[in-house]
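Below: the structure, in structure tokens.
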Amino acid sequence: MPLPNLLTHGEHMLGALEEHDLTASTMLDLQVLLYGYVQGLAVHLEREAHALAATGLSEDEWMDLHGPAMGSIAAGGGHPAFARLMAAFAEGGYDLDLDAIFELGLRVLLDGLAVFLGQGARRTEVTR
């Protein structure tokens, strides 16, 4: 049986999608898509907490330890886009902020959903 809070979340989502006259399959696909996005980032937050507990290393300490190996990969020539990205962060570094990534991704996902719904997604099936 689904958790009560999960079902409540799904009910809110489905209620909002119902207003757009979508097929049942498309509504469920969109609910799964949005839930999967949220769940996916939640898994990374949990893994980060487990890694800290298991190793005792903060994110910065982990990067200090593994940064040289990543630099060697970037300098190896086999991954030029990665090398350019790493070069862009050479001076100031990069602060991995999963909350900011979540907000960015959700905004992009919801903006895309708004476009999808605005372009006549009504009663059309998503190609499977």
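The values are calculated or read from the model by the stated rules, or taken from the named source; none is laboratory data. Owing to the predicted nature of the structure, the values given are computational and were not obtained by experimental measurement. Here Cβ is always computed from backbone atoms with ideal geometry, including for glycine, and neighbour counts include all displayed protein chains.
Taking the criterion of being assigned to a helix (DSSP H, G or I) and over 21 Å from the mean Cα position of the chain (by Cα), the residues of segment 18-51 that qualify are GLU18, ALA24, SER25.
Can you tell me which residue in segment 1-36 is modelled with the lowest pLDDT, limited to those that are farther than 20 Å from VAL108 by Cα and of a type in the set (A, V, I, L, M)? Looking at the filtered set, the residue picked out is MET1.
Would you point out which residue out of HIS44, HIS50 is without any contact (Cβ under 8 Å) to a residue 24 or more places away in the chain and loosely packed, with under 14 Cβ neighbours inside 10 Å? I'd like the intermediate steps shown before the answer.
On the way: HIS44 fails: without any contact (Cβ under 8 Å) to a residue 24 or more places away in the chain.
Sole residue among the options that is without any contact (Cβ under 8 Å) to a residue 24 or more places away in the chain and loosely packed, with under 14 Cβ neighbours inside 10 Å: HIS50.
The residues listed here are HIS79, HIS44; of these, the one that is farther than 30 Å from GLU19 by Cα, modelled with pLDDT of 90 or more, touching a helix residue (DSSP H, G or I) at 6+ places or on another chain (Cβ under 7 Å) and not hydrophobic (A, V, I, L, M, F, W, C) is HIS79.
Results for (1) at pLDDT 95 or above; (2) more than 22 Å from VAL43 (Cβ to Cβ), shown as yes or no for each residue.
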residue: GLY92; (1), (2): no, yes
residue: LEU98; (1), (2): no, no
residue: ILE101; (1), (2): no, no
residue: ARG107; (1), (2): yes, no
residue: LEU110; (1), (2): no, no
residue: LEU117; (1), (2): no, yes
residue: ARG122; (1), (2): no, yes
residue: GLU125; (1), (2): no, yes
residue: ARG128; (1), (2): no, yes
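Taken over segment 63-108, the criterion of being of a type in the set (A, V, I, L, M, F, W, C), without any contact (Cβ under 8 Å) to a residue 12 or more places away in the chain and either under 30 Å from LEU34 (Cα atoms) or in a loop (DSSP other than H, G, I, E, B) (or both) is satisfied by ALA81, PHE82, LEU85, PHE89, ALA90, ALA100, LEU104, VAL108.
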